[in-house]
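The values are calculated or read from the model by the stated rules, or taken from the named source; none is laboratory data. Since this is a predicted model, take the numbers as computed values, not measurements. Every residue, glycine among them, receives a Cβ derived from its backbone with ideal geometry; neighbour counts consider all protein chains shown. Just so you know, the surface numbers come from the protein's heavy atoms only, side chains and all, with ligands and any DNA or RNA stripped out. Shrake-Rupley method; radii C 1.70, N 1.55, O 1.52, S 1.80 Å.
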Amino acid sequence: MVPTSLLIALLLVVDSLHFVFARLLLPQVSPAVSVTYIMAIASLEMLVFALITGRLSLAGFRGRLGTFLAIGFLVAASTNINYEAVAFIDPGTASLLAQTGTIFGLGLGVAWLGDRLNKRQLAGAGLAIAGVFVMEYQAGEYLRYGSLLVLVSTFMYALHSAITKRFAEGIDFTGFFILRLVFTTFFLALFSLWRGALTLPQPGAWPLLILVATTDVVISRALYYLSLRRLSLSLHTLALTLSPLVAVLWALLLFDTFPAAFQLAGGAAVLAGVLLASLARHRPGQGAEFRTGAS
């Protein structure tokens, strides 16, 4: 059995690579094309895994076509926007901004799912929102546009999580994940066809596409749920809060980019607010919320 500390370290490394991979692919493949093939490869890998292990069950699909269409559209649009955003914003800053998904999730939970926020959650949400404004203060035009893209993408992903929470709970995870990937790939292909951008990548890009699909989608989600079984939800949330910090280090190492001082200050406020809101939401003895991850 893999030690829990090693499992968390692996999760942080993999989870922090989402925007880093997007930036690495940008010079080689257009965003619309790269995300389409990444999801298609991940779908194929999951189908093979399900067939080999005998876990292929699509029983949860019956009567939920609308739900999976909505989920597929939102995840496809969110992922595509993320890959477009890294042309305007460095991966470290994007990863910090993406943590606002927890705040969006809280808002959707109140507005749609009937959740109630306590004082700590409200304080955490306010702190995170303030952090976003600090990150935007005196930022250049491209950074503002890139930040807006990340925030829109993050909201769409949070909306997909709310739809999943309301209409897809109780479905076997493997079957759900395969359907989610297939519908996401379908919409990504439609986006690419509509833009006239669905072409075959250059041969040299295929190894990186396969690496991203395997790491950022399949392995990332496997580590996420395996670590969730080992840790309490509060500790799991705390561990994932460190992911953007690792992303900042990746961006510095690979692209020689580093957030400015006010971006770091704002990012710290976002992380603190997200952590406060998350830990206030999950108390010992509460069930784990069904989440589908970052890709």
Given the rule -39500 (n - 2.57) for each run of at least 4 DSSP H residues, summed and divided by the residues of the chain, what is its mean residue ellipticity at 222 nm, to the nearest 500 deg cm²/dmol?
-23500 deg cm²/dmol
Among ARG230, ARG120, ARG195, residue whose mean-square fluctuation peaks in a GNM of the chain (springs only between Cα atoms under 10 Å)
ARG195
Can you pull the accessible area of LEU190 for me, 1.4 Å probe, Å² to the nearest 10?
80 Å²
From the coordinates shown, Cα extents along the principal axes in Å corresponds to which of (i) 65, 52, 33; (ii) 45, 45, 40; (iii) 59, 45, 32:
(ii)
Going through the DSSP H helices of the chain, which span 27 Å or more along their own axis at the Cα atoms while scoring at least -1.0 as a mean Kyte-Doolittle hydropathy?
31-53, 65-85, 141-167, 173-195, 261-281
Which three extents, in whole angstrom, do the alpha-carbon atoms of segment 173-275 cover along their principal axes, largest first?
41, 36, 25
In what sequence, highest mean first, do 196-207, 62-73, 46-57 appear when ranked by Cβ atoms within 10 angstrom?
62-73, 46-57, 196-207
Can you tell me which of 106-115, 179-188 comes out highest on packing, and rank the rest after it, using the mean Cβ neighbours within 10 Å?
179-188, 106-115
Rounded if a/c under 1.5, otherwise prolate or oblate - segment 101-225, Cα gyration tensor axes:
oblate
Once neighbouring chains are kept in place and the probe is 1.4 Å, which whole percent of the accessible area of the chain is contributed by carbon and sulfur?
69 percent
Regression test value, accessible area per residue of segment 33-182, probe 1.4 Å, units Å², expected 45 Å²
